[in-house]
Ligand code: ASP
């Protein structure tokens, strides 16, 4: 009897989409953090466990899906996909900064606040040559071991293309079979990894509760009140950018698909990004959404999502613009039109340079503030609320990556709009895929 009640409750719990369960955990965790305060930080290891579980999956999923994708798309298509992805990434990031600046000019965050001096060391951003050379790994195993996504992508693409070319040219049954086997293994490997992702997401309900409790225990209502205009400016800009650019321009105008379907299709990735504040750690979930719900070909998302996690950061770029206006307001200065143009260029560069890890965007602010001659102390000043702002930035970054993957997939006939979320067949992640009842 008791066993039956337990089983029924458990089944009812499992029948709710994992994204909604995680969303509820997000809200409850935030409330617990705000009300309990300091003691809630004991939950930290539970949150860290969720992050580690997802981080564990990043490199295997990237390697498996990308190799699988290279098998399916011709080298010419891959080249075209690469060009389109990079162009759309640059375009959406630049627009994000313009939206950020426009909203910041309207909301005027920071007026009325006085800067308390928190000394901050300027980070010297890597030079363009360093960035360029860094794409080529000295040692692919080392690149994978350090989750260096760009270097890993480079090696996997070279290796995958070489496998395809050898298979085309060689007249040796053993080698051909070997290549087929490698590709078959990557397919099996990626299926297995996606199974693990959905299993990890089941734990995510606890993990996200803990993460949010700790964030709000650390931040507290005082910090939120003090920085309310900054939080408001970013919230408005993020909402505007996602609604107009990601949904309106990319999904509706360019792919002629339903923005609601798209949002439902990526909801697990969005809540995970909000909870983790890391594009890289969210990558396994974004890829699972692209595969299971958006039905994009691996050749497109296997390349564009890992690349996007490191270089395409609309939210991060937008925040640089908002923070520049905020910093100017704090010292009673205002940015001229020319300076605002400089901010657009710098912010896009800073967002490309920022890694997909928590607070990378805050550190990159040193670049923008130094160039504008604004005090670096602003960074220490806002660091207390950055865990909140970072979550909104990361969610925007992830939404941008997935919207671009959908458009480029559409342009290359590499999205199945007749299935998945698009025809309503999959309304949520396969919640029961990972764990048996
Ligand atoms: N945390 C962000 C990300 O991983 C980067 C940032 O700090 O803006 O996408």
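Quick rundown of the values:
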{"item": "Helix axis angle, 228-240 relative to the chain longest principal axis, alpha carbon, degrees", "result": "40"}
{"item": "Helix axis angle, 2-15 relative to the chain longest principal axis, alpha carbon, degrees", "result": "80"}
{"item": "Relative packing of 19-25, 361-367, 71-77, which averages over residues the other C-beta atoms within 10 Å, highest first", "result": "361-367, 19-25, 71-77"}
{"item": "Percent RCO, i.e. relative contact order, over the stretch 116-270, from Cα pairs under 8 Å lying at least 6 residues apart", "result": "8"}
{"item": "Stokes-Einstein translational diffusion, the stretch 73-201 - Kirkwood Rh over all Cα pairs, 0.692 mPa s, 37 °C, in µm²/s", "result": "165"}
{"item": "Peptides ranked, highest mean first, by Cβ atoms within 10 Å: ranges 298-308, 199-209", "result": "298-308, 199-209"}
{"item": "Potential extension, residue 27-residue 159 segment - 0.36 nm per residue separation minus Cα distance", "result": "43.1 nm"}
{"item": "Between the stretch 12-41 and the stretch 264-293, the alpha-carbon center distance in angstrom", "result": "18"}
{"item": "√(5λ) per eigenvalue of the Cα gyration tensor, the stretch 372-412, largest first, Å", "result": "34, 13, 4"}
{"item": "Mean Cα-pair separation over length for the stretch 284-390, i.e. relative contact order, pairs under 8 Å, 6 or more apart, %", "result": "25"}
{"item": "Crossing angle, helix 337-353 versus the chain [Cα axis fit, 0-90 degrees, rounded to tens]", "result": "40"}
{"item": "Globularity ratio of the stretch 130-242, using Cα Rg and 2.2 N^0.38 Å", "result": "1.73"}
{"item": "Computed over the stretch 252-343, the ratio Rg/Rh where both radii use C-alpha atoms and Rh is Kirkwood", "result": "1.11"}
{"item": "Computed over the stretch 1-85, the ratio Rg/Rh where both radii use C-alpha atoms and Rh is Kirkwood", "result": "1.20"}
{"item": "Residues residue 253 and residue 419, FRET efficiency given R0 of 25 Å [Cβ-Cβ distance, rounded to 0.05]", "result": "0.65"}
{"item": "Extension gain from residue 181 to residue 72, taking 0.36 nm per residue of separation minus the Cα-Cα distance", "result": "37.8 nm"}
{"item": "Mean separation of Cα contacts under 8 Å (6+ apart) over length of the chain, as relative contact order %", "result": "32"}
{"item": "Pair residue 169, residue 370: separation of 7 Å Cα→Cβ label points (nm)", "result": "4.5"}
{"item": "Mean Cβ neighbour count within 10 Å, used as a protection proxy, ranking 98-104, 260-266 highest first", "result": "98-104, 260-266"}
{"item": "Simple spin-label estimate for residue 127 and residue 14 in nanometres, 7 Å along Cα-Cβ", "result": "5.8"}
{"item": "Within the chain, helix-based [θ] at 222 nm, where runs of 4 or more DSSP H residues each add -39,500 (n - 2.57), nearest 500", "result": "-24500 deg cm²/dmol"}
{"item": "Kirkwood-based shape ratio for the chain, expressed as Rg/Rh from alpha carbons", "result": "0.98"}
{"item": "Mean projection area, nm², convex hull over Cα of the stretch 289-437", "result": "11.4"}
{"item": "Inter-label distance for residue 42 and residue 106, nm, one decimal - labels placed 7 Å from Cα along Cα-to-Cβ", "result": "4.6"}
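Only the coordinates and a few stated rules stand behind these numbers; no lab work does. Model, not experiment: these values are computed from the prediction. A quick note on method: Cβ atoms are made from the backbone with ideal geometry, for glycine too, and the neighbour counts reach across all protein chains shown.
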